[in-house]
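Before any comments, here is the structure.
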Amino acid sequence: MIRRSVILAVALLASTASPALADGLIDNVNGMTLDDKGKVVNFTGLVIDNDGKVKALLARRDKRPERPDYKLDGEGRTLMPGLIDAHGHVMGLGFSLLTLDLSTTRSLDEALAKIKAYADENPTRPWIIGRGWNQEKWGLGRFPTAADLDAVVSDRPVWLERVDGHAGWANSEAIRIAGVKADAKDPPGGRIERIGGKPAGVFVDAAEALIAKSVPSPRAVDRDAALIAAQDHLLSLGITAIADMGTSLDDWQAYRRAGDEGRLKLRIMGYASGIDAMVAIAGPRPTPWLYDDRLRLNGVKLYLDGALGSRGALLKADYADAPGQRGLAFVGDTQLLNMMSRAAMDDFQVAAHAIGDAANAQVLGAIEQLADDYKGDRRWRIEHAQIIDPLDVPRLARHGIIASMQPVHQISDRLMTEARLGPDRLAGAYAWKTISDAGVKLAFGSDTPVESPDPFAGLAAAITREGADGQPFGGWQPQERLSRVAAIDAFTRSAAFAGFAESRFGTLQPGMRADFVLIDTDPLLSSPTDVRNTSVVETWVGGLRRYQRDIKR
């Protein structure tokens, strides 16, 4: 029989290994978590039981276990609950890590150079696929065109999603293969950008399908690779759980394969990509928690509008920089009620994408109509809730609605939002403090891969409303800044609550899953700059070390 001393040596000396599940002690830490009321609890030691759950939190003077099966010296580092991304796209992140990424480009010319280099480096790929372009960041003053792409890649089809996923950019060969004619009509909920009456190369929201239907679907092996890439990246950033918004049946099968084969390390709370996917994945009710609380299909993601960047967000008044345009309505009131009712009748949670103030008012109206028929703990979610008419904020506080928001969007969208709305309509934009003060629970995420999933950038944004460059000094709409505790709560305890997981993970109270990170800053005391630049030293999920930074001494 292998002696415990050998097990201890293997567990703590192997850089890629984790301790087997056994009673363990993580000691000498600057520990913090939140209790069930959102109050800070400090500790210096954490005991993990054989099931990978928190057994006890120890203060400095508390007696330590005499013979733990393993012990880790935290060297005074901060230990806090694993961060939860309340809104992301797991497969989207994975594929963005494996394909052409334009998110760092700062001009059209830079993007075109990167596209050409990628095409030259991958001569056998039948399609050039990528994402991340943003004409606002380029200062282009217009959408890019097929002609722009044709100048660098004309022999193969090219299809590139905008950074927010609400528009796609095609070259002429992709448009030809997809069979989109010069007289093609805008589909409901979509828009074809045109020059001289003909498709110009950018397809917005529902119009994306006109090209996307011709793009080869990823194989199962491709999805497996994308999941591993996303999982490894998220764990390296201290994220131990994520709400996957828009889970397809193929995505779900990839998650199940990983779970069955012991490769699923991250916790995934799935929200199906529409009613049909919801039924196909889960059938008559949400799935049970699988793989020791690592996977569950909670509900369904529904879309009401598009995004501000492509002027698809549905507004109550015209866009300030595009008179006559108010965005795109994806569904009518009756259709929305029917879809939400179909989900609620089988106890699926509804997560409704609403960015513009008109879309938010629409989903609020639907919830108000359905609340009497579907009672109990529904936790209706509004995803993004970026632009809210101040008159509608009190409505958010009714019926247990959760505002699932992404602080990093405010940083990226600030100048664009001012242009899209004008100065007189900013009061309800990214209004975290106003919404929280109204009694609405906030759940924070990143919308990865639209934004970086780094939760510490999100925390810094939430407490300062300043970018990494410190601008604008004092914060944009600074009255909407949150306290540090409120921001941490939204990335941990309340993010778990938003996914019906608050009794399983999200805090480090005894009995909860031992999901935690060791980091090199103290988010309660460090400067906002240091919080933003936080480095994750270790990430643990369910009492097992799943990521360890290479430390050079």
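Some notes on this structure:
- Top positive-direction residue, dipole computed over the range 86-192 with Cβ charges, set 169, 107, 139: 169
- Using only alpha-carbon positions in the range 463-553, the gyration tensor eigenvalues give semi-axes of 27, 20, 9 Å once each is multiplied by 5 and square-rooted (largest first).
- In this calculation the C-beta distance from residue 342 to residue 75 is compared with R0 = 41 Å, giving a FRET efficiency of 0.20.
- Rounded to the nearest 20 debye, dipole of the chain from Cβ charges on Lys, Arg, Asp, Glu: 940 debye
- Projecting label points 7 angstrom from Cα along Cα→Cβ for residue 212 and residue 122 puts them 1.8 nm apart.
- In range of the label at residue 103: residues from the range 139-168 whose backbone nitrogen is under 14 Å from the point 7 Å along Cα→Cβ: 161-166
- Per-residue extension of 0.36 nm, minus the Cα-Cα distance of residue 371 and residue 60, leaves a gain of 107.1 nm for this segment.
- Extension gain from residue 150 to residue 533, taking 0.36 nm per residue of separation minus the Cα-Cα distance: 133.9 nm
- Semi-axes of the equivalent ellipsoid for the chain, Cα gyration tensor, largest first, Å: 39, 27, 23
- Listed values for the range 508-522 are Karplus-derived 3J(HN,Hα) couplings in whole Hz (6.51 cos²θ - 1.76 cosθ + 1.60, θ = phi - 60°), namely 10, 5, x, x, 8, 4, 7, 9, 8, 10, 10, 10, 9, 9, 10, and x replaces Gly and Pro.
- Per DSSP, loop trypsin sites (Lys or Arg not before Pro) in the range 31-122 with at most 12 further Cβ within 10 Å: 37, 39, 60, 61, 63, 106
- FRET efficiency for the residue 142 to residue 392 pair, using the beta carbon distance and R₀ = 30 Å, is estimated at 0.40.
- Set of lysines near residue 301 by C-alpha distance (under 21 Å), chain-local residues within fewer than 8 positions excluded: 213, 375, 441
- For the range 361-461, applying the loop criterion from DSSP together with a ceiling of 12 other beta carbons within 10 Å to the trypsin sites (Lys or Arg not before Pro) yields 375.
- Tail fraction, Cα-Cα pairs, the range 125-254, threshold 22 Å, whole percent: 44 percent
- Fraction of alpha-carbon pairs over 20 Å apart in the range 78-199 - percent: 48 percent
- Divide the volume of the convex hull around the Cα atoms of the range 47-134 by the residue count and you get 224 Å³ per residue.
- Placed amide H near residue 78: partners under 5 Å, 5+ positions off or other chain: 30, 519, 521
- Two-decimal log10 I(q)/I(0) for the range 302-390, as the Debye equation yields it once each C-alpha is a single scatterer, q = 0.16, 0.19, 0.24 Å⁻¹: -0.60, -0.79, -1.14
- When a 1.4 Å probe is rolled over the protein heavy atoms, the share of accessible surface on the chain that falls to carbon and sulfur comes to 51 percent.
- Charge tally around residue 321: other residues with Cβ under 10 Å, Lys/Arg +1 each, Asp/Glu -1 each, net 0.
- As a length-normalised measure over Cα pairs under 8 Å and 6 or more apart, the relative contact order of the range 199-295 settles at 26 percent.
- In this structure the amide hydrogen of residue 200, modeled in the peptide plane, comes within under 5 Å of the amide hydrogens of 193, 194, 195, none closer than 5 places in sequence on its chain.
- Helical content alone sets the calculated 222 nm signal of the chain at -8500 deg cm²/dmol, taking -39,500 (n - 2.57) per DSSP H segment of four or more residues and averaging over every residue.
The values are calculated or read from the model by the stated rules, or taken from the named source; none is laboratory data. Because the structure is predicted, anything quoted here is derived from the model rather than measured. Using ideal geometry, Cβ is built from the backbone for each residue, glycine included, and neighbour counts are taken over all protein chains shown. Areas reflect the complete protein model, heavy atoms only, side chains present, ligands, DNA and RNA absent. Shrake-Rupley method; radii C 1.70, N 1.55, O 1.52, S 1.80 Å.
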